[in-house]
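Rule-based calculations on the coordinates, nothing more; no lab input. It should be emphasised that the depicted structure is a prediction, and the values quoted were computed from it without experimental measurement. When we count neighbours, we look across all protein chains shown, and the Cβ atoms used for this are built from the backbone with ideal geometry, even at glycine.
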Amino acid sequence: MNGVHDMGGMHGFGPVHPEDDAGFHADWERRVRAMMMGLIRRGAFNIDEMRRAIESIPPAEYLASSYFERWLTALRALVVEKGVLAPADVDDLIATLARTPESSPRRREDPTLAKRLLEPSGPRPRREAPARFRPGDRVVARNEHPKHHTRLPRYVRGKPGVIDRVRGVYTLPDTNAYGRGEHPQPVYSVRFAARDLWGDVAATTDSIYIDLWESYLDPA
């Protein structure tokens with residue numbers, strides 16, 4: 001979907017200030033990440049649904065929120081959407097914590113789940129499938145503006161590129177984000193010349209590599 005979250009190529013947000021410590025800034029951020037990973041690994045929702053929920057945050061709230069505040073807002077929406085908690089349960093817990101900040105939810109020890117949370121995570125190839133494109137093929141990113149979640153950035157839509165490598169076969173986020181199935185398909189690393197994306201302000205020697213699903217691409 002086209003939204004404020006898709007900031008690639010956008011201007012007006014000021015300079016980027018890298019942080020010396022790019023980790024957690026407070027204990028609650030660690031808890032939010034643990035909740036997200038725990039719920040995903042227990043099958044409450046998937047990572048694409050999490051991304052879709054973050055993208056659904058109203059623009060003004062999204063821009064005013066920190067990284068993990070967005071995660072927390074998305075988690076609250078998803079646990080209600082998936083029936084993990086009723087809206088009243090969430091509201092009651094927030095009201096209780098507001099009245100008695102020293103109180104905390106009941107703690108449950110789950111060593112098996114804790115171990116799983118520490119395991120490496122990330123997308124894994126699904127299975128082999130015939131790839132439409134090969135390294136060196138010239139392609140064009142489709143100039144589409146879907147209303148659903150997608151991993152096709154706006155700034156490459158309609159732009160020419162070259163297949164650099166075939167990454168493997170992965171779940172399609174566009175359907176997985178809505179519980180409509182995984183529909184796995186090949187993913188390619190596509191090289192885009194910086195000048196094709198940004199114009200004459202970009203160096204002629206610069207390129208950008210983006211991983212894109214096969215359905216995002218057409219032959220050039």
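Largest mean-square fluctuation among D196, D110, D89, in a Gaussian network model of the chain whose springs join Cα atoms under 10 Å apart, belongs to D110. With respect to the chain, whose longest principal axis is taken over its alpha-carbon atoms, helix 67-81 is tilted by about 70°.
Are there chymotrypsin sites (Phe, Trp or Tyr not before Pro) in the stretch 165-220 that DSSP puts in a loop and that have at most 16 other Cβ atoms within 10 Å, and which ones?
Working: sites: Y170, Y178, Y188, F192, W198, Y209, W213, Y216; in loops: Y178.
Here the sparse-neighbourhood loop sites are Y178.
Helix 27-41 and the longest principal axis of the C-alpha atoms of the chain enclose an angle of approximately 70°. Averaging 1/r over every pair of different alpha carbons in the chain and inverting the result gives a Kirkwood radius of 20.1 Å. Would you kindly state the longest site-free stretch of the chain, with sites defined as trypsin sites (Lys or Arg not before Pro) in a DSSP loop (not H, G, I, E, B) surrounded by at most 11 other Cβ atoms within 10 Å? Longest site-free region, per DSSP loop and neighbour criteria: 1-105.
Extension gain, H183-E19: 0.36 nm per intervening residue step, less the Cα-Cα distance, totals 55.3 nm.
Here the Gaussian network model covers the chain, with springs between Cα atoms less than 10 Å apart; of A86, A44, A26, A26 fluctuates the most.
Under a Gaussian network description of the chain, with springs only between Cα atoms under 10 Å, the residue in N143, N46, N176 that fluctuates furthest is N143.
Where does each of V190, V201 land when they are ranked from fewest to most other beta-carbon atoms within 10 angstrom? Numbers along the way, then the final one.
Numbers: V190 25, V201 7.
Least crowded to most crowded, the residues run V201, V190.
Sorted from greatest to least, the principal axis extents spanned by the alpha carbons of the stretch 27-117 come out as 37, 33, 26 Å.
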